[in-house]
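Enquirer: Shown below is the structure under consideration.
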Amino acid sequence: MSGVGAHAKEIVEQYARDGALSARSLESAEFGVWDRLTPGVLLVVALCVAAVQHPELAGRLAESDDALLSRLLSEDMQMIELDAGEETVSWARAVALLSAHVSAETLDDLLAQAEELWTEVLESGELARPRVRDGESGPWDATETSPSVTRLDYGVLRVPRLAGAAMHPLRAGERIVGVIVSLGDHALSLQVFKAPSGPAWDVVRPKIAQGVRNQGGSAEEATGAFGSEVHARIPVVRGGEQVLQPSRIMGCDGPGWLLRGVYGGPAALADVVDPRALHLFTQSVIDLTEAEGPTDTAEEIMAVEVRWPAGE
(Lines give C-alpha, C1' and ligand atoms only; values in the text may rest on other atoms or scores of the structure.)
Protein backbone atom coordinates (compact mmCIF):
# COMPACT_ATOMS: atom_id res chain seq x y z
CA MET A 1 0.00 0.00 0.00
CA SER A 2 1.30 3.47 -0.86
CA GLY A 3 1.89 6.18 1.70
CA VAL A 4 -1.30 7.95 0.60
CA GLY A 5 -3.28 4.74 1.03
CA ALA A 6 -1.79 4.13 4.47
CA HIS A 7 -2.74 7.67 5.46
CA ALA A 8 -6.32 7.09 4.24
CA LYS A 9 -6.52 3.94 6.35
CA GLU A 10 -5.29 5.88 9.41
CA ILE A 11 -8.18 8.32 8.94
CA VAL A 12 -10.71 5.47 8.97
CA GLU A 13 -9.05 3.99 12.06
CA GLN A 14 -9.13 7.37 13.79
CA TYR A 15 -12.85 7.69 13.08
CA ALA A 16 -13.53 4.15 14.34
CA ARG A 17 -11.62 4.91 17.53
CA ASP A 18 -13.07 8.36 18.29
CA GLY A 19 -16.50 8.32 16.61
CA ALA A 20 -15.79 11.55 14.71
CA LEU A 21 -13.23 12.91 12.29
CA SER A 22 -10.55 14.90 14.05
CA ALA A 23 -9.52 18.32 12.78
CA ARG A 24 -6.17 16.82 11.83
CA SER A 25 -7.83 14.08 9.77
CA LEU A 26 -10.06 16.56 7.97
CA GLU A 27 -7.10 18.75 7.11
CA SER A 28 -4.75 15.98 6.05
CA ALA A 29 -7.38 14.16 3.96
CA GLU A 30 -7.66 17.15 1.61
CA PHE A 31 -11.29 16.35 0.84
CA GLY A 32 -12.51 18.17 -2.25
CA VAL A 33 -9.16 18.03 -4.11
CA TRP A 34 -9.65 15.92 -7.23
CA ASP A 35 -6.67 16.54 -9.50
CA ARG A 36 -4.16 14.35 -7.64
CA LEU A 37 -4.06 11.37 -5.33
CA THR A 38 -4.95 12.39 -1.78
CA PRO A 39 -6.23 10.38 1.19
CA GLY A 40 -9.63 12.03 0.69
CA VAL A 41 -9.84 11.00 -2.97
CA LEU A 42 -8.95 7.41 -2.08
CA LEU A 43 -11.60 7.27 0.64
CA VAL A 44 -14.30 8.63 -1.68
CA VAL A 45 -13.37 6.29 -4.54
CA ALA A 46 -13.08 3.36 -2.12
CA LEU A 47 -16.64 4.12 -0.97
CA CYS A 48 -17.79 4.00 -4.59
CA VAL A 49 -16.04 0.67 -5.18
CA ALA A 50 -17.43 -0.74 -1.92
CA ALA A 51 -20.96 0.31 -2.88
CA VAL A 52 -20.68 -1.70 -6.08
CA GLN A 53 -19.51 -4.75 -4.14
CA HIS A 54 -21.85 -4.50 -1.14
CA PRO A 55 -25.61 -4.19 -1.86
CA GLU A 56 -26.36 -3.15 1.73
CA LEU A 57 -23.98 -0.21 1.49
CA ALA A 58 -25.37 0.73 -1.91
CA GLY A 59 -28.84 0.78 -0.35
CA ARG A 60 -27.68 3.12 2.40
CA LEU A 61 -26.26 5.54 -0.16
CA ALA A 62 -29.38 5.36 -2.32
CA GLU A 63 -31.51 6.43 0.65
CA SER A 64 -30.23 9.99 0.19
CA ASP A 65 -32.26 10.27 -3.07
CA ASP A 66 -29.46 12.37 -4.52
CA ALA A 67 -29.10 12.42 -8.31
CA LEU A 68 -25.32 12.64 -8.13
CA LEU A 69 -25.05 9.67 -5.81
CA SER A 70 -27.11 7.70 -8.29
CA ARG A 71 -24.46 8.55 -10.87
CA LEU A 72 -21.81 7.40 -8.40
CA LEU A 73 -23.50 4.03 -8.03
CA SER A 74 -23.63 3.68 -11.81
CA GLU A 75 -19.83 4.00 -11.71
CA ASP A 76 -19.77 7.47 -13.33
CA MET A 77 -16.70 8.69 -11.46
CA GLN A 78 -17.02 12.20 -12.91
CA MET A 79 -20.12 12.88 -10.84
CA ILE A 80 -19.08 11.89 -7.33
CA GLU A 81 -20.75 14.34 -4.98
CA LEU A 82 -20.02 14.67 -1.31
CA ASP A 83 -20.72 17.73 0.79
CA ALA A 84 -20.07 18.87 4.32
CA GLY A 85 -23.79 19.26 5.09
CA GLU A 86 -25.79 16.74 7.06
CA GLU A 87 -28.45 16.39 4.37
CA THR A 88 -26.24 14.36 2.06
CA VAL A 89 -23.32 11.96 2.37
CA SER A 90 -20.87 14.16 4.26
CA TRP A 91 -17.14 13.52 4.41
CA ALA A 92 -17.58 12.21 7.95
CA ARG A 93 -20.45 9.91 6.94
CA ALA A 94 -18.43 8.57 4.04
CA VAL A 95 -15.69 7.54 6.46
CA ALA A 96 -18.30 6.22 8.89
CA LEU A 97 -19.84 4.00 6.20
CA LEU A 98 -16.47 2.59 5.27
CA SER A 99 -15.69 1.99 8.94
CA ALA A 100 -19.01 0.23 9.57
CA HIS A 101 -19.26 -1.88 6.43
CA VAL A 102 -15.67 -2.73 5.53
CA SER A 103 -13.22 -4.87 7.49
CA ALA A 104 -9.61 -3.78 7.96
CA GLU A 105 -8.42 -6.46 5.54
CA THR A 106 -10.99 -5.51 2.91
CA LEU A 107 -10.19 -1.82 3.33
CA ASP A 108 -6.59 -2.45 2.29
CA ASP A 109 -7.81 -4.03 -0.94
CA LEU A 110 -10.39 -1.28 -1.57
CA LEU A 111 -7.81 1.48 -1.14
CA ALA A 112 -5.45 -0.30 -3.52
CA GLN A 113 -8.25 -0.60 -6.10
CA ALA A 114 -9.19 3.06 -5.56
CA GLU A 115 -5.60 4.18 -6.12
CA GLU A 116 -5.30 2.19 -9.34
CA LEU A 117 -8.67 3.45 -10.59
CA TRP A 118 -8.07 7.12 -9.81
CA THR A 119 -4.57 7.01 -11.31
CA GLU A 120 -6.10 5.71 -14.55
CA VAL A 121 -8.78 8.41 -14.46
CA LEU A 122 -6.22 11.20 -13.97
CA GLU A 123 -3.91 9.85 -16.68
CA SER A 124 -6.82 9.58 -19.13
CA GLY A 125 -7.51 13.32 -18.93
CA GLU A 126 -11.24 12.50 -18.98
CA LEU A 127 -12.07 14.72 -16.01
CA ALA A 128 -10.65 17.80 -17.67
CA ARG A 129 -12.10 17.43 -21.18
CA PRO A 130 -14.73 20.00 -22.24
CA ARG A 131 -18.31 18.77 -21.82
CA VAL A 132 -20.73 21.67 -22.32
CA ARG A 133 -23.65 21.33 -24.76
CA ASP A 134 -22.02 18.22 -26.19
CA GLY A 135 -25.18 16.14 -26.62
CA GLU A 136 -24.94 14.64 -23.14
CA SER A 137 -24.38 17.76 -21.03
CA GLY A 138 -25.99 21.19 -21.09
CA PRO A 139 -26.63 23.80 -19.98
CA TRP A 140 -30.01 23.30 -21.59
CA ASP A 141 -32.66 25.57 -23.05
CA ALA A 142 -36.20 25.10 -21.72
CA THR A 143 -37.31 24.05 -25.22
CA GLU A 144 -34.81 21.17 -25.27
CA THR A 145 -35.05 17.71 -23.77
CA SER A 146 -32.79 17.59 -20.73
CA PRO A 147 -31.89 14.73 -18.35
CA SER A 148 -34.36 14.02 -15.56
CA VAL A 149 -32.75 15.82 -12.62
CA THR A 150 -34.54 17.44 -9.68
CA ARG A 151 -34.09 21.20 -10.11
CA LEU A 152 -34.89 24.29 -8.07
CA ASP A 153 -36.82 26.97 -9.98
CA TYR A 154 -35.35 30.48 -9.96
CA GLY A 155 -37.47 31.72 -12.86
CA VAL A 156 -35.07 32.30 -15.73
CA LEU A 157 -32.77 29.61 -14.33
CA ARG A 158 -33.58 26.13 -13.02
CA VAL A 159 -30.63 24.72 -11.07
CA PRO A 160 -30.06 21.08 -10.03
CA ARG A 161 -30.84 20.35 -6.41
CA LEU A 162 -27.63 19.69 -4.53
CA ALA A 163 -28.34 18.24 -1.11
CA GLY A 164 -26.39 20.03 1.60
CA ALA A 165 -25.52 23.06 -0.56
CA ALA A 166 -27.07 26.46 0.24
CA MET A 167 -28.52 28.35 -2.73
CA HIS A 168 -29.29 32.07 -2.82
CA PRO A 169 -31.06 34.02 -5.60
CA LEU A 170 -28.79 36.41 -7.50
CA ARG A 171 -30.56 39.70 -8.13
CA ALA A 172 -30.05 42.65 -10.45
CA GLY A 173 -32.29 45.24 -8.81
CA GLU A 174 -35.65 43.52 -8.42
CA ARG A 175 -34.90 40.88 -11.04
CA ILE A 176 -33.69 37.37 -10.31
CA VAL A 177 -30.97 36.76 -12.89
CA GLY A 178 -29.29 33.69 -11.42
CA VAL A 179 -28.21 31.99 -8.23
CA ILE A 180 -25.20 31.76 -5.91
CA VAL A 181 -24.40 28.29 -4.56
CA SER A 182 -22.34 27.93 -1.41
CA LEU A 183 -20.01 24.92 -1.55
CA GLY A 184 -18.14 25.13 1.73
CA ASP A 185 -15.04 27.27 1.21
CA HIS A 186 -15.98 27.68 -2.46
CA ALA A 187 -18.93 29.37 -4.15
CA LEU A 188 -20.41 29.27 -7.64
CA SER A 189 -22.47 32.08 -9.12
CA LEU A 190 -24.60 31.35 -12.19
CA GLN A 191 -26.06 34.27 -14.14
CA VAL A 192 -28.15 34.36 -17.33
CA PHE A 193 -27.85 37.07 -19.98
CA LYS A 194 -29.92 37.59 -23.11
CA ALA A 195 -27.85 37.43 -26.29
CA PRO A 196 -30.31 38.06 -29.13
CA SER A 197 -27.60 38.91 -31.70
CA GLY A 198 -25.99 35.47 -31.56
CA PRO A 199 -23.16 33.72 -29.68
CA ALA A 200 -21.46 36.09 -27.26
CA TRP A 201 -18.92 34.09 -25.23
CA ASP A 202 -16.08 34.24 -27.76
CA VAL A 203 -16.58 38.00 -28.04
CA VAL A 204 -16.76 38.90 -24.35
CA ARG A 205 -14.28 36.35 -22.94
CA PRO A 206 -11.07 38.28 -23.80
CA LYS A 207 -12.72 41.50 -22.60
CA ILE A 208 -13.56 39.85 -19.27
CA ALA A 209 -9.92 38.80 -18.90
CA GLN A 210 -8.74 42.33 -19.64
CA GLY A 211 -11.28 43.75 -17.20
CA VAL A 212 -9.90 41.57 -14.40
CA ARG A 213 -6.38 42.76 -15.22
CA ASN A 214 -7.59 46.37 -15.17
CA GLN A 215 -8.85 45.77 -11.60
CA GLY A 216 -5.35 44.79 -10.54
CA GLY A 217 -5.84 41.04 -10.86
CA SER A 218 -4.48 38.48 -13.30
CA ALA A 219 -6.35 36.53 -15.97
CA GLU A 220 -5.64 34.26 -18.89
CA GLU A 221 -7.79 32.31 -21.30
CA ALA A 222 -7.69 28.53 -20.97
CA THR A 223 -9.52 25.37 -21.98
CA GLY A 224 -11.00 23.09 -19.35
CA ALA A 225 -14.04 21.03 -18.43
CA PHE A 226 -16.28 24.03 -19.19
CA GLY A 227 -14.74 24.56 -22.64
CA SER A 228 -13.19 27.99 -23.21
CA GLU A 229 -12.69 29.58 -19.79
CA VAL A 230 -10.93 32.46 -18.07
CA HIS A 231 -8.64 31.52 -15.19
CA ALA A 232 -8.28 34.54 -12.96
CA ARG A 233 -7.20 35.91 -9.62
CA ILE A 234 -9.67 38.65 -8.80
CA PRO A 235 -9.03 41.35 -6.15
CA VAL A 236 -11.44 41.03 -3.22
CA VAL A 237 -11.46 42.50 0.28
CA ARG A 238 -11.41 39.90 3.02
CA GLY A 239 -10.83 40.64 6.70
CA GLY A 240 -10.11 44.26 5.84
CA GLU A 241 -7.32 43.31 3.44
CA GLN A 242 -7.29 43.00 -0.33
CA VAL A 243 -6.39 39.54 -1.57
CA LEU A 244 -6.44 37.85 -4.96
CA GLN A 245 -9.24 35.26 -5.12
CA PRO A 246 -8.60 32.27 -7.44
CA SER A 247 -11.58 32.19 -9.78
CA ARG A 248 -12.66 30.18 -12.81
CA ILE A 249 -14.96 32.10 -15.17
CA MET A 250 -16.95 29.99 -17.59
CA GLY A 251 -19.58 30.74 -20.19
CA CYS A 252 -21.84 28.89 -22.58
CA ASP A 253 -23.93 30.17 -25.47
CA GLY A 254 -27.46 28.91 -25.97
CA PRO A 255 -30.34 29.92 -28.22
CA GLY A 256 -30.66 33.63 -27.43
CA TRP A 257 -28.81 33.49 -24.11
CA LEU A 258 -25.46 33.17 -22.41
CA LEU A 259 -24.96 31.42 -19.07
CA ARG A 260 -21.96 32.76 -17.20
CA GLY A 261 -20.52 31.11 -14.12
CA VAL A 262 -17.90 32.32 -11.67
CA TYR A 263 -16.42 29.65 -9.40
CA GLY A 264 -14.25 31.03 -6.61
CA GLY A 265 -12.25 29.48 -3.80
CA PRO A 266 -8.82 28.10 -2.88
CA ALA A 267 -8.94 25.20 -5.38
CA ALA A 268 -10.91 27.00 -8.11
CA LEU A 269 -8.03 26.75 -10.59
CA ALA A 270 -7.20 23.07 -10.05
CA ASP A 271 -6.84 21.06 -13.26
CA VAL A 272 -9.79 18.86 -12.28
CA VAL A 273 -12.78 21.01 -11.40
CA ASP A 274 -15.07 20.27 -8.46
CA PRO A 275 -17.64 17.76 -9.84
CA ARG A 276 -20.39 19.62 -7.96
CA ALA A 277 -19.69 22.84 -9.87
CA LEU A 278 -19.55 20.98 -13.17
CA HIS A 279 -22.88 19.28 -12.45
CA LEU A 280 -24.58 22.54 -11.46
CA PHE A 281 -23.41 24.34 -14.60
CA THR A 282 -23.99 21.63 -17.19
CA GLN A 283 -27.36 20.44 -15.86
CA SER A 284 -29.00 23.85 -15.41
CA VAL A 285 -31.95 24.84 -17.62
CA ILE A 286 -32.47 28.38 -18.96
CA ASP A 287 -35.99 29.64 -19.62
CA LEU A 288 -36.01 33.05 -21.33
CA THR A 289 -39.82 33.21 -21.15
CA GLU A 290 -39.27 33.99 -17.46
CA ALA A 291 -36.76 36.78 -18.14
CA GLU A 292 -37.75 40.24 -16.99
CA GLY A 293 -36.59 43.70 -18.01
CA PRO A 294 -34.65 44.91 -21.05
CA THR A 295 -32.09 43.00 -23.04
CA ASP A 296 -28.85 42.65 -21.10
CA THR A 297 -25.84 44.41 -22.56
CA ALA A 298 -22.31 43.23 -23.22
CA GLU A 299 -21.15 45.63 -20.51
CA GLU A 300 -23.22 43.68 -17.96
CA ILE A 301 -21.81 40.36 -19.13
CA MET A 302 -18.25 41.62 -18.76
CA ALA A 303 -18.77 43.10 -15.26
CA VAL A 304 -17.36 40.16 -13.32
CA GLU A 305 -16.96 40.14 -9.56
CA VAL A 306 -16.63 37.40 -6.99
CA ARG A 307 -20.00 37.28 -5.27
CA TRP A 308 -20.46 35.27 -2.12
CA PRO A 309 -23.71 34.45 -0.31
CA ALA A 310 -24.65 36.98 2.34
CA GLY A 311 -23.17 36.18 5.72
CA GLU A 312 -20.52 33.80 4.36
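Enquirer: Tell me which residues, restricted to the range 260-280, are under 16 Å from PRO206 (Cα atoms) and not charged (D, E, K, R).
Expert: If we filter the range 260-280 for residues that are under 16 Å from PRO206 (Cα atoms), which is where we start, we get 260-262.
Within the range 260-280, GLY261, VAL262 qualify.
Enquirer: Out of everything in the range 1-24 that is without any contact (Cβ under 8 Å) to a residue 12 or more places away in the chain and among the hydrophobic types (A, V, I, L, M, F, W, C), what residue ends up being least open to solvent (accessible area, probe 1.4 Å)?
Expert: ALA6
Enquirer: Right, something else. Taking the condition over 24 Å from GLN245 (Cα atoms), among the aliphatic types (A, V, I, L, M) and not in a strand (DSSP E or B), does VAL149 pass? Step through it out loud before you land on a result.
Expert: Values: over 24 Å from GLN245 (Cα atoms): yes; among the aliphatic types (A, V, I, L, M): yes; not in a strand (DSSP E or B): yes.
Yes, satisfied.
Enquirer: Taking the criterion of being outside any loop (DSSP other than H, G, I, E, B), among the polar types (S, T, N, Q) and open to solvent by 10 Å² or more (accessible area, probe 1.4 Å), would at least one residue in the range 166-188 satisfy it? Give the derivation first.
Expert: Pass one, the range 166-188, residues outside any loop (DSSP other than H, G, I, E, B): 166-172, 175-183, 186-188.
Filter again for among the polar types (S, T, N, Q), leaving 182.
Pick out the ones that are also open to solvent by 10 Å² or more (accessible area, probe 1.4 Å) and you get 182.
Yes - at least one qualifying residue is present in the range 166-188.
Enquirer: Could you tell me which residue of the range 107-145 is nearest to ARG276 (Cα to Cα), considering only residues that are in a loop (DSSP other than H, G, I, E, B) and among the charged types (D, E, K, R)? Lay out the reasoning, then the answer.
Expert: Step one: list which residues in the range 107-145 are in a loop (DSSP other than H, G, I, E, B), which gives 125, 129-139, 142-145.
Then keep just the ones that are among the charged types (D, E, K, R); that gives 129, 131, 133-134, 136, 144.
Working: ARG129: 16, ARG131: 14, ARG133: 17, ASP134: 18, GLU136: 17, GLU144: 23 Å.
The selected residue is ARG131.
Enquirer: Within the range 207-221, does at least one residue satisfy the condition of being under 16 Å from PRO246 (Cα atoms), open to solvent by 50 Å² or more (accessible area, probe 1.4 Å) and touching a Lys or Arg at 6+ places or on another chain (Cβ under 9 Å)?
Expert: Within the range 207-221, one or more residues are under 16 Å from PRO246 (Cα atoms), open to solvent by 50 Å² or more (accessible area, probe 1.4 Å) and touching a Lys or Arg at 6+ places or on another chain (Cβ under 9 Å).
Enquirer: Is at least one residue of the range 98-111 within 19 Å of GLY32 (Cα to Cα) and in contact (Cβ under 8 Å) with a residue 40 or more places away in the chain?
Expert: Scanning the range 98-111 turns up at least one residue that is within 19 Å of GLY32 (Cα to Cα) and in contact (Cβ under 8 Å) with a residue 40 or more places away in the chain.
Enquirer: Working only within the range 189-206, note down all residues that are at pLDDT 90 or above and open to solvent by less than 20 Å² (accessible area, probe 1.4 Å).
Expert: Within the range 189-206, SER189, LEU190, TRP201 qualify.
Enquirer: Could you tell me whether the range 81-102 includes any residue that is at pLDDT 80 or above, in contact with a Leu (Cβ under 7 Å, 6 or more places away or on another chain), open to solvent by less than 40 Å² (accessible area, probe 1.4 Å) and within 24 Å of ASP271 (Cα to Cα)? Steps first, answer last, please.
Expert: We begin by selecting, within the range 81-102, every residue at pLDDT 80 or above; these are 95-102.
From the residues that got through so far, the ones that are in contact with a Leu (Cβ under 7 Å, 6 or more places away or on another chain) too are 95, 97-98, 101-102.
Next, only the ones that are open to solvent by less than 40 Å² (accessible area, probe 1.4 Å) stay: 95, 97-98, 102.
The next check asks that each one be within 24 Å of ASP271 (Cα to Cα); those that pass are none.
The answer is no; no qualifying residue exists.
Enquirer: Counting only residues that are open to solvent by 50 Å² or more (accessible area, probe 1.4 Å) and not polar (S, T, N, Q), which one in the range 222-237 is farthest from TYR263 (Cα to Cα)?
Expert: As a first pass, look at the range 222-237 and keep what is open to solvent by 50 Å² or more (accessible area, probe 1.4 Å): 223, 233, 237.
When the remaining residues are screened for being not polar (S, T, N, Q), the result is 233, 237.
Details: ARG233: 11, VAL237: 17 Å.
My answer is VAL237.
The values are calculated or read from the model by the stated rules, or taken from the named source; none is laboratory data. Keep in mind it's a predicted model, so treat the numbers as computed, not measured. Counting neighbours? That spans all protein chains shown, and the Cβs are built from the backbone with ideal geometry, glycine included. All accessible areas refer to the heavy atoms of the entire protein, side chains included, with ligands and DNA or RNA removed. Shrake-Rupley method; radii C 1.70, N 1.55, O 1.52, S 1.80 Å.
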